[in-house]
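The values are calculated or read from the model by the stated rules, or taken from the named source; none is laboratory data. Source: prediction; values computed, not measured. Cβ: placed from backbone, ideal geometry, glycine included. Neighbour counts: every protein chain shown.
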Amino acid sequence: MIERARQALLGAACLLFTVCLLWAVRHLVALPAEQQALSVLLSRWLPDSGVSHPVTAVLLNFRSYDTLLEIGVLVIAGMVGISLARTSALEDPAMRSADPLLHALLRLFLPLLVLLAGWLLWAGSSRPGGAFQAGALLAAAGVLGRLAGLPMAFLRPGTLLRAGLVLGFSVFLLIALLGALDGRAFLAYPPGLAGALILVIEAGLSLSIGMILLALFVSAPVAPEEDADGGPPA
Amino acid sequence: MTSALLYVLAGALLCGGGLAGCLLVRHLLRRLLAFNLLGSGVFLLLVGLPAHRHGSDPVTHALVLTGIVVAVAATALALVLIRRYFHLTGRVSLPTGRQEDR
């Protein structure tokens, strides 16, 4: 009874929250459009950022601190995910599919996905695209390969996996620190080199993001023998 | 009524629904889904409001892009944790403390 009353109270509170939110939205929408200081600043400094796409400029130049912390969060998530997985899960034979259609499609899709990831990475400087989209595509290619049972030795805990996980973060941090050691601010790019450095950082980020997402995908399934010893009663 | 305003309204509703799901649903997977709904609602609000008022704003776009990537990683990590929790305890929801329903 108390449980039901508590749930009804929580539901009413959520409803109240939604109504307040809608009211705030209505209020915000009705406000007169003011001078957008941020957009004006952004368009004034865009030519100096080294890229011509404003979103990429914000992500990797004006607010690159956010992106640095973001890849840090991703690395931590990937490490925790891997540390929770059993090594045997990486070789889970139940995950392998002998479907000939999947194998045939894979032969077509894998090069295409990798090519598309590279193009997205390159396109990010001038139009929508960038490291995260490219990393997501690389991870998708990895998931497809994993489902088809391709040998992926680099996903075993070892030097390659560790290097791949921290590559993006360490390249980013190194460039940021070099700026600070050179007498500029932390994360400030040397003038004239911003475009090239952003591309280097983005390439590292793409590889690492793809690796982290794939590692998290791989660490999710639990090998059947784990059911036998530590699993719950059916 | 622009399409951006529609996104904003949908975002507000998603926020409310997601919050209700987080608080009311006990199953961990559903709670994770509700949490993602809440996050998507916030993303819609962040992108939709500037788009409705003065065209798309690259600053909030970058903010939301960062948010999406972190949300994906956090969701994957939560799935791994829930999976592990299920295999260790056999439960799909956290104990409430008042009632031991096992």
Query raised in the report: All but one of (1) among the aliphatic types (A, V, I, L, M); (2) facing chain B (nearest Cβ under 9 Å); (3) closer than 20 Å to B:GLY17 by Cβ hold for A:ALA8; which doesn't?
Result: (2)
Report task. Residue by residue through the range B:74-97, note down the ones that are surrounded by 12 or more Cβ atoms within 10 Å (Cβ to Cβ), among the small types (Gly, Ala, Ser) and farther than 14 Å from A:PHE217 by Cβ. Result -> B:ALA74, B:GLY90, B:SER93
Query raised in the report: In the range A:51-79, how many are more than 10 Å from A:SER125 (Cα to Cα) and hydroxyl-bearing (Ser, Thr, Tyr)?
Result: 3
Requested in this report: Look at the range A:32-86 and say how many of its residues are more than 9 Å from chain B (Cβ to nearest Cβ), surrounded by 14 or more Cβ atoms within 10 Å (Cβ to Cβ) and charged (D, E, K, R).
Outcome: 1
Query - Given (1) more than 30 Å from A:ALA148 (Cβ to Cβ); (2) surrounded by 11 or more Cβ atoms within 10 Å (Cβ to Cβ); (3) modelled with pLDDT of 85 or more, index of the condition A:HIS27 fails - result: (2)
Query raised in the report: Is there a residue in the range A:26-38 that is under 32 Å from the mean Cα position of the chain (by Cα) and not in a helix (DSSP H, G or I)?
Result: yes
Requested in this report: Would you be able to tell me the number of residues in the range A:157-166 that are exposed (fewer than 12 other Cβ atoms within 10 Å of the Cβ) and touching a Leu at 6+ places or on another chain (Cβ under 8 Å)?
Outcome: 0
Query raised in the report: Could we say that A:GLY135 is modelled with pLDDT under 90 and either farther than 19 Å from B:LEU65 by Cα or within 13 Å of chain B (Cβ to nearest Cβ) (or both) here?
Result: no
Query raised in the report: Within the range B:49-67, restricting attention to residues that are more than 7 Å from chain A (Cβ to nearest Cβ) and out of contact with any Ser or Thr (no Cβ under 9 Å at 6 or more places or on another chain), which residue is surrounded by the most Cβ atoms within 10 Å (Cβ to Cβ)?
Result: B:THR60
**Report entry** Flag if B:LEU46 is at the interface with chain A (Cβ under 9 Å from one of its Cβ atoms) and either of a type in the set (A, V, I, L, M) or farther than 28 Å from A:GLY129 by Cα (or both)
**Finding:** no
Requested in this report: Take A:GLY164 and decide whether it is part of a helix (DSSP H, G or I), within 22 Å of A:SER219 (Cα to Cα) and modelled with pLDDT under 90.
Outcome: yes
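Being at pLDDT 85 or above, assigned by TED's automatic domain parsing to the domain that holds A:VAL73, of a type in the set (A, V, I, L, M) and in contact with a Leu (Cβ under 7 Å, 6 or more places away or on another chain) is the requirement here; does A:ALA203 meet it?
Working: at pLDDT 85 or above: yes; assigned by TED's automatic domain parsing to the domain that holds A:VAL73: yes; of a type in the set (A, V, I, L, M): yes; in contact with a Leu (Cβ under 7 Å, 6 or more places away or on another chain): yes.
When the stated conditions are applied, A:ALA203 passes them.
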Requested in this report: Among the candidates B:LEU46, B:LEU38, single out the residue that is crowded, with 17+ Cβ neighbours inside 10 Å, within 30 Å of A:SER49 (Cβ to Cβ) and modelled with pLDDT of 90 or more.
Outcome: B:LEU46
